[in-house]
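Peer 1: Got a structure for you, written out below as structure tokens; questions coming shortly.
Read-outs: derived from the displayed coordinates by stated rules, not from any lab. Given the structure is predicted, the values throughout are model-derived calculations rather than measurements. In this analysis, Cβ positions are derived from the backbone assuming ideal geometry, glycine residues included, and neighbour counts consider all displayed protein chains.
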Amino acid sequence: MITLHHLNNSRSQRILWLLEELGVDYQLETYQRDGKTGLAPAQMKAIHPLGRAPVLTTETGALAESGAIVAYLVKYYGNGKFQPPGDRRLYQQYEFWLHFAEGSLMPPRVAGLVFDKAKDQVPLLLKPLARKILDGISNAYYRPNFMQSIRYTENYLANHEWFAGTQPTGADVQMLFPLETLVATGNVSDFPAICAYVNKIHQRPAYVRALAKGGHYDYA
């Protein structure tokens, strides 16, 4: 039997959703972030050397990285669900969005969160200078790229029900986490297609079951 090692408020929530959608027989091991650092607990390194979630343990070992886990589950447990499209044009979209989620959308998002945390930790006398430097870096690179990615995603979802065809696929699983974090924090309130897409997934019975099993999740 496979086991999902699930960390609260993390990317592993989307893997839990996929497992419920596929009807896979699995075990769930839950972990809580450190209250001070916000990082995964040290015991996760016993599961995988990186010590980050999600991790899926199978009969052949431990598998990390959301994209790799999604691909593995869809290939070996999909049974026709969440599969890459057979149509070559749609398959191209599938591959694009599957990698866009972590390759283009999340890096500037994470950078923004890191910068905000850094501003809070700087000594009071240095805060004005630190804020000026960090805001300058963000406005020069991260924010423009982030907004370009958001606008591109909004325009696509305004004209497509799912990211790769008429049914949800692994690409939708990958894209959910960054989009639902943005919706939950109010960063995309002016992007109705993104908001509607996240709400649509949150209403799915499998997502509701995953949320009940995974525990409190800030982004739902």
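Peer 1: With both bridge residues required to lie in the chain, what share of the DSSP beta bridges run antiparallel, to the nearest 5%?
Peer 2: Roughly 55 percent of the beta bridges in the chain run antiparallel, per DSSP.
Peer 1: Suppose every K and R has +1 on its Cβ and every D and E has -1 on its Cβ; what is the size of the dipole of the chain about the Cα centre, in Debye to the nearest 20?
Peer 2: Dipole about the Cα centre, nearest 20: 520 debye.
Peer 1: Then there is this: Distance between Cα centroids, the stretch 185-200 to the stretch 66-88: provide it in whole Å.
Peer 2: 26 Å
Peer 1: Still on this model: Could you go through the stretch 49-65 in sequence order and give the Karplus-derived ³J(HN,Hα) for each residue, using 6.51 cos²θ - 1.76 cosθ + 1.60 with θ = phi - 60°, rounded to whole Hz, and x for Gly and Pro?
Peer 2: After applying 6.51 cos²θ - 1.76 cosθ + 1.60, I find x, 6, x, 10, 9, x, 10, 10, 9, 10, 5, 10, x, 9, 10, 10, 6 Hz.
Peer 1: Something else: Please give the helix 106-121 orientation as an angle from the longest Cα principal axis of the chain, in degrees from 0 to 90, rounded to the nearest 10.
Peer 2: Long axis of 106-121 versus the principal axis of the chain: about 40 degrees.
Peer 1: Still on this structure, please answer the following. Within the stretch 77-96, which residues have the backbone N less than 14 Å from the label spot 7 Å out from E59 along Cα→beta-carbon, could you tell me?
Peer 2: From the stretch 77-96, the list is 77.
Peer 1: Could you run the Karplus curve 6.51 cos²θ - 1.76 cosθ + 1.60 with θ = phi - 60° over the stretch 86-99 and give me ³J(HN,Hα) per residue in whole Hz, x for Gly and Pro?
Peer 2: x, 5, 5, 5, 5, 5, 4, 5, 4, 5, 4, 5, 4, 9
Peer 1: Angle, helix 143-157 long axis vs. longest principal axis of the chain, Cα atoms, 0 to 90°, nearest 10?
Peer 2: Tilt of helix 143-157: around 30 degrees.
Peer 1: May I ask you to derive the FRET efficiency for R143 and D25 from their Cβ-Cβ distance with R0 = 30 Å, giving the value to the nearest 0.05?
Peer 2: That gives a FRET efficiency of 0.10.
Peer 1: Another question about this same structure. Would you kindly state how much longer the chain becomes between L50 and R204 on full extension, computed as 0.36 nm times their sequence separation minus their alpha carbon distance, in nm to one decimal?
Peer 2: Details: separation 154, 0.36 × 154 = 55.44 nm, distance 3.18 nm.
Computed gain between L50 and R204 is 52.3 nm.
Peer 1: What's the exposure ranking of S66, S149, S104, going from fewest to most Cβ atoms within 10 Å?
Peer 2: Exposure proxy ranking, most exposed first: S104, S149, S66.
Peer 1: Can you give the angle from 0 to 90° between the axis of helix 12-22 and the longest principal axis of the chain, with both taken from C-alpha atoms, to the nearest 10?
Peer 2: 20 degrees
Peer 1: Take the Cβ-Cβ distance between Q83 and K36 as r, set R0 to 41 Å, and report the resulting FRET efficiency rounded to the nearest 0.05.
Peer 2: With R0 = 41 Å, the Cβ-Cβ based efficiency is 0.45.
Peer 1: List Y197, Y26 from most exposed to least, where exposure is judged by having the fewest other Cβ atoms within 10 Å. Intermediate values should be presented prior to the final figure.
Peer 2: Numbers: Y197 26, Y26 18.
Ranked by crowding around the Cβ, least crowded first: Y26, Y197.
Peer 1: Can I ask one more? Quick one: how many lysine pairs does the chain have with C-alpha atoms less than 22 Å apart and a gap of 8 or more or different chains? Give me the count, please.
Peer 2: Pairs that pass both the separation and distance tests number 11.
Peer 1: If you don't mind, there's one more thing I want to ask. Could you work out the relative contact order of the chain? I mean the mean sequence separation of Cα pairs under 8 Å and 6+ apart, divided by the number of residues, in percent.
Peer 2: 25 percent
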